[in-house]
Amino acid sequence: MEDPVSKKEELKRKNRNPKIKSAVATLVKILPPPGKVLDLGVRDGFSTGELSKAGYDVIGTDVNKKFIKYARKKGYNVIHDDIMKTKLEGYNFDIIYGRHVLEHCAPTDEFFKQCAKVLTTAGVVFFIFPLEPKRKPGNHKVFFPTLEDFPGSELFTEITFCNSKDMGIIPFSDVKGEALYIGKLK
């Protein structure tokens, strides 16, 4: 099967991997394994693999079937699913991990409701998302220019909310900055 990602995207992927590793390392420090993790927006599955190597029991999801096929070819435990209309209710994950997923899911209150449906009663969300001064062209549905513009969720108690660099996470180079939101289900 042919890689669903162009050569240009392949280069971006290689640049993205150390950044994903830094995010997973931060998650491990804050919420060490074991635990059952739902990895949202897996693309090529690299994050799913890193979470698994770290000691988590991981299921990765993506809305793009081509990405799912590619990640499965690489041996990652991934399924086709959209958190906004998930079929995973009742799976009881301990952690939902997502990097650059939140900005694709609107409205954010509905996104957090869907997340709550698949978490254990003590479940935690770990999201990294771009801080953008304006909506990017393409498929970003929501944007947050600053940390203060992020609405959070009444369903979760904030554990950490900061610039991701403050936690040692290497930001993606195509954004002005990134935020890290960790929240525990109330």
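Observations, loosely collected:
- Filter result for K87 (without any contact (Cβ under 8 Å) to a residue 12 or more places away in the chain, surrounded by fewer than 21 Cβ atoms within 10 Å (Cβ to Cβ), within 14 Å of L38 (Cα to Cα) and charged (D, E, K, R)): yes
- Applying the set (1) in a helix (DSSP H, G or I); (2) closer than 24 Å to P32 by Cβ to K69 leaves exactly one unmet item: (2).
- Residue within the stretch 15-38 that is closer than 27 Å to P151 by Cα, among the basic types (K, R) and part of a loop (DSSP other than H, G, I, E, B) present: no
- Scanning the stretch 29-42 for residues that are closer than 22 Å to F112 by Cα and surrounded by fewer than 24 Cβ atoms within 10 Å (Cβ to Cβ) yields I30, L31, G35, K36, G41.
- Residues of the stretch 153-183 classified as of a type in the set (D, E) and at pLDDT below 80, total: 1
- Which listed residue, of D81, D62, D94, D109, is under 22 Å from I20 (Cα atoms), at pLDDT 90 or above, among the charged types (D, E, K, R) and surrounded by fewer than 19 Cβ atoms within 10 Å (Cβ to Cβ): D94
The values are calculated or read from the model by the stated rules, or taken from the named source; none is laboratory data. Nothing here was measured: the structure is a model prediction, and the numbers come from that model. Glycine gets a Cβ as well: all are built from the backbone with ideal geometry, and neighbour counts include every protein chain shown.
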